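Have a look at the structure below before the remarks.
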Amino acid sequence: MNVSSPAAVLRSLPDGTRVVVRYRVDGGFTDVLGYLVEATEESVTVAARRENVTVPCALITAAKQVPPPPERRAPRR
């Protein structure tokens, strides 16, 4: 069984792929959801809704590709 690190998984994906990344912060963990901007040996940058978030690879605990967001519903009349 070949198990890749979460950072290695992200480096294998093309830029622009929608991903979720879980990483360590003081007091626990947090997630960033968005589009992969860049994945290097040292860090991963994800374009989240409000800003780009750069996460050091050493802090990443889980990561995966996710499907595109659902289409927005039409407003009610």
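Side notes on the structure shown:
- Note on the range 12-38: residues that are more than 12 Å from Ile60 (Cα to Cα) and touching a helix residue (DSSP H, G or I) at 6+ places or on another chain (Cβ under 9 Å) total 3.
- 2 or more residues surrounded by 14 or more Cβ atoms within 10 Å (Cβ to Cβ) and among the polar types (S, T, N, Q): qualifying strands (runs of 3 or more DSSP E) within the range 16-77: 43-47
Every read-out reported here was derived from the displayed coordinates using simple, explicitly stated rules and does not represent laboratory data. The structure displayed is predicted, hence computed values, not measured ones. Cβ: placed from backbone, ideal geometry, glycine included. Neighbour counts: every protein chain shown.
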